[in-house]
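The values are calculated or read from the model by the stated rules, or taken from the named source; none is laboratory data. No experiment lies behind these values; they were computed from the predicted model shown. So basically every Cβ, Gly included, is an ideal-geometry build from the backbone, and we count neighbours across all protein chains shown. Just the protein is used for accessible areas: all its heavy atoms, side chains included, with ligands, DNA and RNA removed. Shrake-Rupley method; radii C 1.70, N 1.55, O 1.52, S 1.80 Å.
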Amino acid sequence: MCGIVGYIGKRDVAPLLLEGLARLEYRGYDSAGMVVNTPKSGALKMVKAKGRVRDLEARVPKRFAGTTGIAHTRWATHGAPSDVNSHPHLDPENKVAVVHNGIVDNAAELRVKLEAEGVVFASDTDTEVITHLIARSAADSLEEKVREALKVIEGTYGIAVMHADFADRIVVARNGSPVILGIGEKEMLVASDVAALIAHTRQVVTLNDGEMATLKADDFRTYTTSGTLTNTTPETVEWEAASFDMGGHDTYMHKEMSEQAEAVDRVLRGRIDDRFSTVHLGGLNLDAREARGVRRIKILGCGTSYHAGMIGAGLIEELARIPADAEPASEFRYRNPVVDPDTLYIAVSQSGETYDVLAAVQELKRKGARVLGVVNVVGSAIAREADGGTYVHAGPEVCVVSTKCFTNTVVAFALLALHLGRIRDLSVADGKRIIEGLRKLPGQIEEILAMEPEIEKLAQEYAGAQSMMFIGRVRGYPVALEASLKLKEISYIHAEAYPASELKHGPLALIEPALPTVAIVPDDDLLEKNRAALEEIKARSGRILAVAHQNQEKADHTIVVPKNEDELDPILMGIPLQLFAYHTALAMGRDIDKPRNLAKSVTVE
């Protein structure tokens, strides 16, 4: 959510900033703006607009030249979407410009104090407080002005600051919201996401919390908020700029769904050990003795990552026989949990920057817990904070809703469960069986993707529903939760997910012809139990769409998917429901890549 782009060098900055903002549109936003200047004039020029980046571009004057600038896409927290509330925010003398991701928790208190000192606020935002604090500082350097402001700020921030009196630099800082420096040839860039940088450089530096940086055209330096210099070495980004293009697809979501077979092959590649019927996960930093000492596993994530964690917990219990459960990270960190030294904690986040997950990791580390990360973005905050972990190697995912990263995360959990299982009591035969199942996944995913025309027709038939029920039992329940979430996110159809066993304990009251039910019905030891749930729905004239391994007589329609090992079936059964949600939303004319009110990387509470 929210996006920052900044540049200092010799190029005309406005087109470059607009291009960077366009690459960050997937993060979710409601307005955009930018400030530019030139070192010679030192004059700040600003343009802002409610709406899309194209609306901002339409407002840029013909004469808007500059070689230094900062820009922003805003996802509203304080103040409704408007031109005035858009970032950047200037002080009354038009000397200081600030863009900000995050939330200033004590903004109201600081606002009252500044107003008592005669400050007149132009917006409703918390960010404008930062601007006035910097502008009113009597410090001699921009770095010190920013540092003084940050001393009184409480909350999260990723900021970039320009000052007319210090036109040769941009100062940035991070606390809980990503800030990434792009190192170029006699030019420097900054962004909240590497997607805005890789068209210009693949050399990046990711700031840590409590770290600041000064960018000049030919140099940069990093230091703590207390002024101590930090040693930073640029890293090379593996992703290519072409990875962020649509590649001939109409939407990023469609492209990313179509990449799932290749992505799963990538997460498996080089990790399978046929000799011992196990897998290599070198980044865990957890030796066999330590793994055998784990008595419980707690998985923490939010949204789709939480659902992947639920499936992961089931895999770990089944294959490794370690008690495991998943919990929303946002709930865990507020309930004063008991942190057990024999419990292994696993933090799941696609971006590796999800604030609720990161805050939970930091609290667990403070209490001495061992934490592993399962993330997609190399070098992200959670990857750096965790004691070890594994990358899911899904590649860039641009659409706000997650598809291929969800699938790869579940596969990564299957690898972890197999690894832990073979260290403990999982037999060689069962290890071999799971490996054979994992190797089948890419081909079976291709089979499911080839069913898209059939699924599209079904989606068009169900697109008129006002609400839908999703049910599944044990392995199928997290699949139902994720499928329900996907439908909500992009079609805006109300949807709820329940364990199939819970139908008779309340939700059955909702069943009628106008409320379709999507049922997850795998061929496993609970097949007859699931069929009994279909009978209950059909007896009350409910419509049923089943996702199953064979045609279900009681269902009005069945999407038949390939059978894998029982433990791995959830990986496949969710994919047709991604396509179902996609084509339902398409039939309803929704903006699939940018669903309303949502953001890709949730870096605020």
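Filtering region 371-410 to residues that are in contact (Cβ under 8 Å) with a residue 60 or more places away in the chain and acidic (Asp, Glu) leaves 387, 397. All of (1) outside any loop (DSSP other than H, G, I, E, B); (2) within 17 Å of residue 556 (Cβ to Cβ); (3) open to solvent by 60 Å² or more (accessible area, probe 1.4 Å) hold for residue 518 with one exception: (3).
Among the residues of region 386-409 satisfying the criterion of being assigned to a loop (DSSP other than H, G, I, E, B) and touching a Leu at 6+ places or on another chain (Cβ under 7 Å), which is most open to solvent (accessible area, probe 1.4 Å)? Reasoning before the result, please.
We begin by selecting, within region 386-409, every residue assigned to a loop (DSSP other than H, G, I, E, B); these are 386-387, 392-403.
Of the ones still in play, those that are also touching a Leu at 6+ places or on another chain (Cβ under 7 Å) are 386-387, 400.
Values: 386: 15, 387: 52, 400: 15 Å².
Here the answer is 387.
Consider region 164-183 and keep the residues that are closer than 11 Å to residue 8 by Cα and out of contact with any Leu (no Cβ under 7 Å at 6 or more places or on another chain). The one that is most open to solvent (accessible area, probe 1.4 Å) is 168. When region 33-59 is filtered for residues that are in contact with a strand residue (DSSP E or B) (Cβ under 8 Å, 6 or more places away or on another chain), at pLDDT below 90, of a type outside the set (A, V, I, L, M) and open to solvent by less than 40 Å² (accessible area, probe 1.4 Å), the ones remaining, listed by number, are 38, 51. When the criteria are applied in full, residue 29 fails the requirement of being at pLDDT 90 or above, open to solvent by less than 50 Å² (accessible area, probe 1.4 Å) and either in contact with a Ser or Thr (Cβ under 9 Å, 6 or more places away or on another chain) or of a type in the set (Ser, Thr, Tyr) (or both).
Considering each residue of region 61-103, count those that are farther than 30 Å from residue 596 by Cβ and not in a loop (DSSP other than H, G, I, E, B), and give that number. Spell out the reasoning first.
Taking region 61-103 as the starting set, the residues that turn out to be farther than 30 Å from residue 596 by Cβ are 61-68, 91-96.
With not in a loop (DSSP other than H, G, I, E, B) added as a condition, the list becomes 68, 96.
Matching residues across region 61-103 total 2.
Filtered by the rule that a residue be polar (S, T, N, Q), surrounded by fewer than 21 Cβ atoms within 10 Å (Cβ to Cβ) and out of contact with any helix residue (DSSP H, G or I) (no Cβ under 6 Å at 6 or more places or on another chain), region 122-163 gives 123, 141. The set of residues in region 376-385 being assigned to a loop (DSSP other than H, G, I, E, B) and either buried (at least 24 other Cβ atoms within 10 Å of the Cβ) or among the basic types (Lys, Arg) (or both) consists of 376, 377, 380. The residues of region 68-98 that are under 16 Å from residue 47 (Cβ atoms) and out of contact with any His (no Cβ under 9 Å at 6 or more places or on another chain), listed by number, are 68, 69, 82, 83, 84, 90, 94.
Do we have residue 102 as out of contact with any Gly (no Cβ under 8 Å at 6 or more places or on another chain) and of a type in the set (Gly, Ala, Ser) here?
no
Assessment of region 408-425 against the conditions (on the phi > 0 side of the Ramachandran plot, out of contact with any Asp or Glu (no Cβ under 7 Å at 6 or more places or on another chain), of a type in the set (Ser, Thr, Tyr) and at pLDDT 95 or above) yields no matching residue.
Between 20, 66, 6, 102, the distinction of being crowded, with 19+ Cβ neighbours inside 10 Å and more than 31 Å from the chain's Cα centre (by Cα) belongs to 66 only.
You will find that of 581, 533, the residue that is more than 23 Å from residue 457 (Cβ to Cβ), surrounded by 21 or more Cβ atoms within 10 Å (Cβ to Cβ) and among the hydrophobic types (A, V, I, L, M, F, W, C) is 533 and no other.
The helices (runs of 4 or more DSSP H) found wholly in region 410-509 and carrying at least 3 residues that are within 21 Å of residue 275 (Cα to Cα) and open to solvent by 10 Å² or more (accessible area, probe 1.4 Å) occupy 428-449. Contact map, region 101-122: residues that are under 30 Å from residue 180 (Cα atoms) and in contact (Cβ under 8 Å) with a residue 24 or more places away in the chain paired with residues that are open to solvent by 30 Å² or more (accessible area, probe 1.4 Å) and part of a helix (DSSP H, G or I), Cβ distance under 8 Å, separation 6+ or inter-chain. Pairs shown: 106/152; 110/133; 110/152.
Being touching a Cys at 6+ places or on another chain (Cβ under 6 Å) and either within 30 Å of residue 399 (Cβ to Cβ) or of a type in the set (Phe, Trp, Tyr) (or both) narrows it down to one of 265, 356, 325, so name that one.
After ruling out the rest, the residue left standing is 356.
Is there a residue in region 367-375 that is of a type in the set (A, V, I, L, M, F, W, C), open to solvent by 20 Å² or more (accessible area, probe 1.4 Å) and over 24 Å from residue 431 (Cα atoms)? Checked region 367-375: no residue is of a type in the set (A, V, I, L, M, F, W, C), open to solvent by 20 Å² or more (accessible area, probe 1.4 Å) and over 24 Å from residue 431 (Cα atoms). Picking from residues in region 69-97 that are over 16 Å from residue 7 (Cβ atoms) and hydrophobic (A, V, I, L, M, F, W, C), the one that is surrounded by the most Cβ atoms within 10 Å (Cβ to Cβ) is 96.
Considering (1) open to solvent by 20 Å² or more (accessible area, probe 1.4 Å); (2) within 26 Å of residue 409 (Cβ to Cβ); (3) touching a Lys or Arg at 6+ places or on another chain (Cβ under 8 Å), the lone condition that residue 525 does not fulfil carries the number (3).
One line per residue, one yes/no per condition, for (1) within 22 Å of residue 565 (Cβ to Cβ); (2) open to solvent by 40 Å² or more (accessible area, probe 1.4 Å):
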{"site": "280", "(1), (2)": "yes, yes"}
{"site": "291", "(1), (2)": "no, no"}
{"site": "309", "(1), (2)": "yes, no"}
{"site": "322", "(1), (2)": "yes, no"}
{"site": "331", "(1), (2)": "no, yes"}
{"site": "342", "(1), (2)": "no, yes"}
{"site": "360", "(1), (2)": "no, no"}
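Filter region 311-320 down to the residues that are of a type outside the set (Val, Ile, Thr) and open to solvent by less than 10 Å² (accessible area, probe 1.4 Å) and list them by number. Explain how you work it out, then say what you get.
If we filter region 311-320 for residues that are of a type outside the set (Val, Ile, Thr), which is where we start, we get 312-315, 317-320.
Correct list: 312, 313, 315, 319, 320.
Only one of the numbered conditions (1) assigned to a strand (DSSP E or B); (2) in contact with a Phe, Trp or Tyr (Cβ under 7 Å, 6 or more places away or on another chain) is violated by residue 171, and that is (2).
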